[in-house]
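Only one structure is covered here, and it is reproduced in the block below.
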Amino acid sequence: MAVDIPLFQKIHRELQPYQSRLVAVSKTKPVEDIQAFYNAGQKMFGENYVQELVQKQPALPQDIQWHFIGHLQSNKVKYIAPFIKMIQSVDNLRLLKEINKQAAKQPRIIDCLLQMHVAKEETKFGLDENELMALLKETMSHPENFQHVRLCGLMGMATNTNDETIIRKEFRQIKELQEKIKNSFSDQFPYFEEISMGMSSDYKIALEEGSTLIRIGSLLFGSR
Ligand SMILES: *Cc1c(COP(=O)(O)O)cnc(C)c1O
């Protein structure tokens, strides 16, 4: 299937008033489609599966900024550590420590978002507020253990529902937490600016609620 460049351009125009950026979610899609969006100006792509990402990455332009957005097992961090720009799906301390360890070996710094669980579905991954605060406390009390990760903000997914009120409420929750952390710990987390929320079905609501990174897959690449 040929990719829809006019639609891609339309989404970029929709983002402009919000100063939000697009992560094109290319999981399961061939390198040809990714290359086509790259040629049209897209630089940030999101992938969910380590094995798939490490196969695609060498075949595509090296200035692509790859964002990992899927559930990540600690033992697989080493495969993406040499090139990953941002890991959006950090949901436990052990994983963050492993990212730091693998980044230190390169050496480089890996941008990270902490994934929040705000949706009603139990199956979705992420931290609740207490877990988030505990993780942040740990990084603040042992900054020497986190020199190679940069905490850049929060990521989250809303409940899969048509009820806009629920979606809006969940996005607002993420935004409020991000602001709270940014304001309370600006010295410790000076880069805590990003709020990654909004997918094909709900990105317009996410923009209205303050998203800085929207993650769009099926709308751009076609259904999976
Ligand atoms: C697949 C995926 C997306 C993109 O979803 P679409 O509905 O295809 O836009 C966004 N975020 C995460 C975490 C995903 O796994």
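The values are calculated or read from the model by the stated rules, or taken from the named source; none is laboratory data. Model, not experiment: these values are computed from the prediction. A quick note on method: Cβ atoms are made from the backbone with ideal geometry, for glycine too, and the neighbour counts reach across all protein chains shown. The area values use the complete protein model at the heavy-atom level, side chains included, leaving out ligands, DNA and RNA. Shrake-Rupley method; radii C 1.70, N 1.55, O 1.52, S 1.80 Å.
Please work out if residue 210 is within 30 Å of residue 5 (Cβ to Cβ), surrounded by fewer than 19 Cβ atoms within 10 Å (Cβ to Cβ), more than 16 Å from the ligand (Cβ to nearest atom) and not charged (D, E, K, R).
Values: within 30 Å of residue 5 (Cβ to Cβ): yes; surrounded by fewer than 19 Cβ atoms within 10 Å (Cβ to Cβ): yes; more than 16 Å from the ligand (Cβ to nearest atom): yes; not charged (D, E, K, R): yes.
Spelling it out, residue 210 is indeed within 30 Å of residue 5 (Cβ to Cβ), surrounded by fewer than 19 Cβ atoms within 10 Å (Cβ to Cβ), more than 16 Å from the ligand (Cβ to nearest atom) and not charged (D, E, K, R).
Yes or no: the stretch 181-193 includes at least one residue that is of a type in the set (Val, Ile, Thr) and without any contact (Cβ under 8 Å) to a residue 40 or more places away in the chain.
No - not one qualifying residue is present in the stretch 181-193.
Could you pull out the residue among 56, 97 that is part of a helix (DSSP H, G or I) and over 21 Å from residue 4 (Cβ atoms)? Break it down stepwise before answering.
On the way: 56 fails: over 21 Å from residue 4 (Cβ atoms).
After ruling out the rest, the residue left standing is 97.
For the stretch 161-172, give me each residue that is surrounded by fewer than 17 Cβ atoms within 10 Å (Cβ to Cβ) and under 18 Å from the mean Cα position of the chain (by Cα).
172
Which ones in the stretch 59-90 are assigned to a helix (DSSP H, G or I) and aromatic (Phe, Trp, Tyr)?
Here is the first cut: in the stretch 59-90, the ones assigned to a helix (DSSP H, G or I) are 59, 74-80.
Across the stretch 59-90, the qualifying residue is only 79.
Would you pick out the residues in the stretch 100-129 that are acidic (Asp, Glu) and either assigned to a helix (DSSP H, G or I) or modelled with pLDDT of 95 or more (or both)?
Looking only at the stretch 100-129, we keep the residues that are acidic (Asp, Glu), and these are 111, 121-122, 128-129.
Residues satisfying the conditions are 111, 128, 129.
Consider residue 8 carefully, then state whether it is within 16 Å of the ligand (Cβ to nearest atom), touching a Ser or Thr at 6+ places or on another chain (Cβ under 6 Å) and of a type in the set (A, V, I, L, M, F, W, C).
no
Could you list, ordered by first residue, the pairs with Cβ atoms under 9 Å in which the first is in the stretch 49-61 and within 12 Å of residue 32 (Cα to Cα) and the second is open to solvent by 20 Å² or more (accessible area, probe 1.4 Å) and part of a helix (DSSP H, G or I), at least 6 apart or interchain?
The qualifying pairs are 56/31; 59/31; 59/35; 60/31; 60/35; 60/38; 61/35; 61/38.
Residue by residue through the stretch 109-129, note down the ones that are open to solvent by 20 Å² or more (accessible area, probe 1.4 Å) and more than 15 Å from the ligand (Cβ to nearest atom).
The answer is 109, 120, 122, 128, 129.
Out of the residues in the stretch 179-202 that are crowded, with 17+ Cβ neighbours inside 10 Å and within 14 Å of the chain's Cα centre (by Cα), state the one that is nearest to the ligand (Cβ to nearest atom).
Only one residue fits best here, namely 199.
Hey, any hits in the stretch 130-148 for a residue that's modelled with pLDDT of 95 or more, assigned to a strand (DSSP E or B) and open to solvent by 10 Å² or more (accessible area, probe 1.4 Å)?
No: the stretch 130-148 contains no residue that is modelled with pLDDT of 95 or more, assigned to a strand (DSSP E or B) and open to solvent by 10 Å² or more (accessible area, probe 1.4 Å).
Out of the residues in the stretch 65-87 meeting the condition of being open to solvent by 10 Å² or more (accessible area, probe 1.4 Å) and touching a Phe, Trp or Tyr at 6+ places or on another chain (Cβ under 6 Å), tell me which one is nearest to residue 36 (Cα to Cα).
85
Out of (1) open to solvent by 20 Å² or more (accessible area, probe 1.4 Å); (2) within 16 Å of the ligand (Cβ to nearest atom); (3) within 21 Å of residue 103 (Cα to Cα), the odd one out for residue 154 is which?
(1)
Mind checking which pairs have a first residue in the stretch 155-178 that is assigned to a loop (DSSP other than H, G, I, E, B) and a second that is of a type outside the set (A, V, I, L, M), Cβ under 7 Å, 6 or more apart or different chains?
Pairs found: 158/170; 158/171; 158/202; 159/120; 159/121; 159/170; 160/121.
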